[in-house]
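Undergrad: Before I ask anything, let me first share the structure, which is written out below as structure tokens.
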Amino acid sequence: MKVRTGFVSNSSSSSFCIYGAEVDLDEFEKQNKDSYEKLNKHNLETHYRDDYRYVGRSLTSMKDDETFGQFKKSIEASMSELFGSGKSISCSVIEQSWYDG
């Protein structure tokens, strides 16, 4: 299977598969002027679909020597630190694809 990680300018379809959660990025951006630096520091990526915003990590970013449990715990800790204000964020595998054409 080929995984495309770059932007495709001549395509009207898109998809992603991450472990993460739907979050209120607008609120996060209001509270953090360096919001994207914080997301990058935690190796989190963002995806937008209509009014939905998803934050997490691509399953393809899991290290060879990392278990899926370790991968999930790492992401959950980052998400809780950034978005949870001390509470747990409910993460899951999120798969989205669509065709605009």
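Any read-out appearing in this document is the output of simple, stated calculations on the displayed coordinates, not a laboratory observation. If you're wondering where the values come from, they're calculated on a predicted model, not measured in any experiment. Positions of Cβ are generated from backbone atoms using ideal geometry, with glycine treated the same way; all protein chains shown enter the neighbour counts.
Undergrad: If you filter segment 44-84 for trypsin sites (Lys or Arg not before Pro), then keep DSSP loop positions with at most 14 other Cβ within 10 Å, what is left? The partial results should precede the final answer.
TA: Numbers: sites: R49, R53, R57, K63, K72, K73; in loops: K63.
Counting only loop positions with at most 14 other Cβ atoms within 10 Å, the trypsin sites (Lys or Arg not before Pro) in segment 44-84 are K63.
Undergrad: Just want the ordering: H42, H47, from fewest to most Cβ atoms lying within 10 Å of their own Cβ. Could you put the intermediate results ahead of the total?
TA: Numbers: H42 15, H47 19.
Ascending number of Cβ neighbours within 10 Å: H42, H47.
Undergrad: Measuring from label point to label point, each 7 Å out along Cα→Cβ, what is the Y52 to Y36 span in nm?
TA: In this crude spin-label approximation the distance works out to 2.3 nm.
Undergrad: Output ³J(HN,Hα) for segment 37-45: one whole-Hz value per residue in order, computed from phi by the Karplus curve 6.51 cos²θ - 1.76 cosθ + 1.60 with θ = phi - 60°, and x for Gly and Pro.
TA: 5, 5, 5, 5, 4, 9, 6, 9, 10
Undergrad: How many lysine pairs in segment 17-93, separated by 8 or more positions in sequence or lying on different chains, have Cα atoms less than 24 Å apart?
TA: For segment 17-93, the number of qualifying lysine pairs is 17.
Undergrad: For segment 21-101, state the semi-axes of the equivalent ellipsoid (square roots of 5 times the eigenvalues of the alpha-carbon gyration tensor), sorted largest first and rounded to whole angstrom. Can you show the working numbers first?
TA: On the way: eigenvalues 79, 69, 27 Å².
Gyration-tensor ellipsoid for segment 21-101: 20, 19, 12 Å.
Undergrad: How high is the FRET efficiency between D26 and D64 when r is their beta carbon distance and R₀ equals 35 Å, given to the nearest 0.05? If you can, show how the numbers build up before the last one.
TA: Values: r = 36 Å, r/R0 = 1.03.
Once rounded, the FRET efficiency stands at 0.45.
Undergrad: Amide H of I89 versus every other amide H placed in the peptide plane: which residues, excluding those fewer than 5 positions away on the same chain, fall under 5 Å?
TA: For I89, the qualifying residues are S80.
Undergrad: Still on this structure, I have one more. Kindly put S58, S90 in sequence by how many other C-beta atoms sit within 10 Å of each C-beta, fewest to most.
TA: Working: S58 16, S90 10.
In order of increasing Cβ crowding within 10 Å: S90, S58.
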